[in-house]
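Down below is the structure, laid out as structure tokens.
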Amino acid sequence: MGPSVDPVPAGDIQPKIADVVIVGGGIIGVSAALFLARKGISVVVCEKGHVAGEQSSRNWGWCRRMGRDPRELPLIVEALKMWGGIEELVGEDVGFRRTGILYLCQDESDVEHHAEWVRRAGDYALDSKMIEGRALADLMPGAHKTFRAALHTPSDGRAEPQKAAPAIARAAQRAGARILLRCAVREIETEAGRVSGVVTENGPIRASTVVVAGGAWSSHLCRSVGIRLPQLAVRSSVMRTGPVEGGPDGAAWTEGFAYRKRLDGGYTIADGTISYHHVNPDSFRYFTDFLPILSREWRSIGLRFGDFLGGPFGLSPRLEGEGSVYERHRTLDPEPAVAPLEAARANMEKVFPVLKGVPTLQRWAGFIDATPDAVPVISPVKSLPGLVIATGFSGHGFGIGPAAGRLAADLVMGNAPLVDPQAFRYERFIDGTRHRPTTGV
């Protein structure tokens, strides 16, 4: 089972009409709802399960600028400003702390890789810098290994994924947004060549704008209205430990393990070097789109078979009385990859022996919504007026989430956007303007 997520009150009656319907109650969807509602827009969030049930609660909890693709840097700068004031924005503590993040370097090739990111980031590097020796050792109390160096960003931070999106959702409710739980959107409706609303499992909602923020489900829903959105689901696994006396604060990544200190005193631990893709019809549908990145990153992607017919993205036929695929799979809860997690913990224990004997409290996995260039789509769709897409965050959507939701809200309202949205255009997958990914970690 996935991690325990803070609850969001349910009970709203589904309206017959709204200005905007948002499909998906993850951090992107509820953030967009908050900023729309605060502008007096009538907004309804339709979530097939519960708020943050999928990847928004299953990620590492990093809020990082360091190592990002240059196209995301202006947006993450705005996001980190929002995280800095998140308690004032939502009225709750969601665990955000500027404890810094480290990319630990094993050898000179790692040093050069991360130093190149600093050069490429230019002015956006801000306080990111390479450190070594005593400066690095001071950030790793109890470490029994000396690393060659590290890329360090003190202003990056961490937050609690199981708290953040629910807190934002509750703030959106207080601002006037309606959040409907266990309310799957079965299809998007159109009239005269533009969006006219949605059909949920409880009936239709008329709306002139629909925002698809459905994470791993977004491509499937878009395809139902003829929109080809190349996106694949990638499974990533995480574990958490009980509280640890001592050990490093903040978060770090290196070959073999990654960690984040949790608000409860334990650690979130993962193997940041491998994820798994479960082969399904989309694997073939979007094969040519993903071939460039797969050819470069094949060592870090493990393929799994067996879900082609019966998995959530498979060809399994709809049975009478079962409802839509969204109702059959209220919450994606894949099995975690235990062996890589145990290896990651063992690797971390070699560096930090203080972890030895600390119980593992839980393991879980989630499906990441990945695009061919590892950059999200936050964009209206020119061929279908009224449709806005906010998806494809490729494993780094949590930290950027509040600003991504704000940008989506700006695009819905036609306001001056928070940042230039050009890099996030949907049409880059049609007109060939996308570029190869240049992410760090």
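The values are calculated or read from the model by the stated rules, or taken from the named source; none is laboratory data. Just so you know, these numbers come straight off a predicted model, no measurement behind them. For neighbour counting, all protein chains shown are included, and Cβ atoms are generated from backbone atoms with ideal geometry for every residue, glycine included. Side chains included, ligands, DNA and RNA excluded: accessible areas come from the protein's heavy atoms. Shrake-Rupley method; radii C 1.70, N 1.55, O 1.52, S 1.80 Å.
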Tally of residues being crowded, with 21+ Cβ neighbours inside 10 Å and farther than 25 Å from His396 by Cα across region 336-384: 3
Any hit, region 423-439, residues being on the phi > 0 side of the Ramachandran plot and at pLDDT 95 or above: no
Among the candidates Glu54, Glu47, residue that is open to solvent by 10 Å² or more (accessible area, probe 1.4 Å) and out of contact with any helix residue (DSSP H, G or I) (no Cβ under 7 Å at 6 or more places or on another chain): Glu47
Ile269 β-branched (Val, Ile, Thr) and modelled with pLDDT under 90: no
Residue list for region 402-430, restricted to those being among the aliphatic types (A, V, I, L, M) and either touching a Cys at 6+ places or on another chain (Cβ under 6 Å) or open to solvent by 60 Å² or more (accessible area, probe 1.4 Å) (or both): Ala416, Ile430
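Could you pull out the residue among Ala171, Ala213, Ala207 that is out of contact with any His (no Cβ under 9 Å at 6 or more places or on another chain), closer than 25 Å to Ser275 by Cα and hydrophobic (A, V, I, L, M, F, W, C)?
Every option except Ala213 fails the conditions.
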Residue match in region 187-198 (condition: modelled with pLDDT of 95 or more and within 21 Å of Phe398 (Cβ to Cβ)): no
Condition check for Val94: open to solvent by less than 20 Å² (accessible area, probe 1.4 Å), touching a Pro at 6+ places or on another chain (Cβ under 7 Å) and among the β-branched types (Val, Ile, Thr): no
Long-range neighbours under 7 Å by Cβ, at least six apart or interchain, first residue assigned to a helix (DSSP H, G or I) within region 175-202, second buried (at least 21 other Cβ atoms within 10 Å of the Cβ): Ala175/Leu34; Ala175/Ala37
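Thr209 - would you say it is at negative phi and touching an Asp or Glu at 6+ places or on another chain (Cβ under 9 Å)? Step through it out loud before you land on a result.
Details: at negative phi: yes; touching an Asp or Glu at 6+ places or on another chain (Cβ under 9 Å): yes.
Considered against the rule, which asks whether it is at negative phi and touching an Asp or Glu at 6+ places or on another chain (Cβ under 9 Å), Thr209 comes out as yes.
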All positions within region 103-115 that are closer than 12 Å to Met66 by Cα and assigned to a helix (DSSP H, G or I): His114, Ala115
Among residues of region 216-258, those that are farther than 12 Å from Ala270 by Cα, of a type in the set (S, T, N, Q) and within 17 Å of the chain's Cα centre (by Cα), counted: 3
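Filter region 128-165 for residues that are among the charged types (D, E, K, R) and either touching a strand residue (DSSP E or B) at 6+ places or on another chain (Cβ under 6 Å) or not in a loop (DSSP other than H, G, I, E, B) (or both); which is nearest to Arg71 (Cα to Cα)?
Just the residues of region 128-165 that are among the charged types (D, E, K, R), to begin with: 129, 132, 134, 138, 145, 148, 156, 158, 160, 163.
Applying the additional criterion that residues be either touching a strand residue (DSSP E or B) at 6+ places or on another chain (Cβ under 6 Å) or not in a loop (DSSP other than H, G, I, E, B) (or both) yields 129, 132, 134, 148, 156, 158, 163.
Details: Lys129: 20, Glu132: 28, Arg134: 33, Arg148: 29, Asp156: 18, Arg158: 22, Lys163: 28 Å.
So, considering only residues that are among the charged types (D, E, K, R) and either touching a strand residue (DSSP E or B) at 6+ places or on another chain (Cβ under 6 Å) or not in a loop (DSSP other than H, G, I, E, B) (or both), the one nearest to Arg71 (Cα to Cα) is Asp156.
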Hits in region 161-172 - residues which are within 13 Å of the chain's Cα centre (by Cα) and among the charged types (D, E, K, R): none
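For region 226-268, please list each of the strands (runs of 3 or more DSSP E) lying entirely inside it that holds at least 2 residues being among the β-branched types (Val, Ile, Thr).
Values: elements: 232-241, 251-254, 257-261.
The strands (runs of 3 or more DSSP E) meeting that bar are 232-241.
Scan region 105-121 and tell me whether some residue there is of a type in the set (Lys, Arg), in contact (Cβ under 8 Å) with a residue 24 or more places away in the chain, within 30 Å of Cys183 (Cα to Cα) and open to solvent by 40 Å² or more (accessible area, probe 1.4 Å).
Within region 105-121, the subset of a type in the set (Lys, Arg) is 119-120.
Of the ones still in play, those that are also in contact (Cβ under 8 Å) with a residue 24 or more places away in the chain are 120.
Filter once more, so that each one left must be within 30 Å of Cys183 (Cα to Cα): none.
No, the conditions are met nowhere in region 105-121.
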Any hit, region 70-83, residues being touching a residue at least 12 places away in the same chain (Cβ under 8 Å), buried (at least 23 other Cβ atoms within 10 Å of the Cβ) and of a type in the set (D, E, K, R): yes
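Keeping to region 25-41, report how many residues are in contact with a strand residue (DSSP E or B) (Cβ under 7 Å, 6 or more places away or on another chain), assigned to a loop (DSSP other than H, G, I, E, B) and either open to solvent by 10 Å² or more (accessible area, probe 1.4 Å) or among the aromatic types (Phe, Trp, Tyr) (or both).
Going through region 25-41, the residues in contact with a strand residue (DSSP E or B) (Cβ under 7 Å, 6 or more places away or on another chain) turn out to be 25, 28-30, 32-33, 36-37, 41.
From what is left, the residues that are assigned to a loop (DSSP other than H, G, I, E, B) are 25, 41.
With the extra rule that they be either open to solvent by 10 Å² or more (accessible area, probe 1.4 Å) or among the aromatic types (Phe, Trp, Tyr) (or both), the set shrinks to 41.
Total satisfying the criteria: 1.
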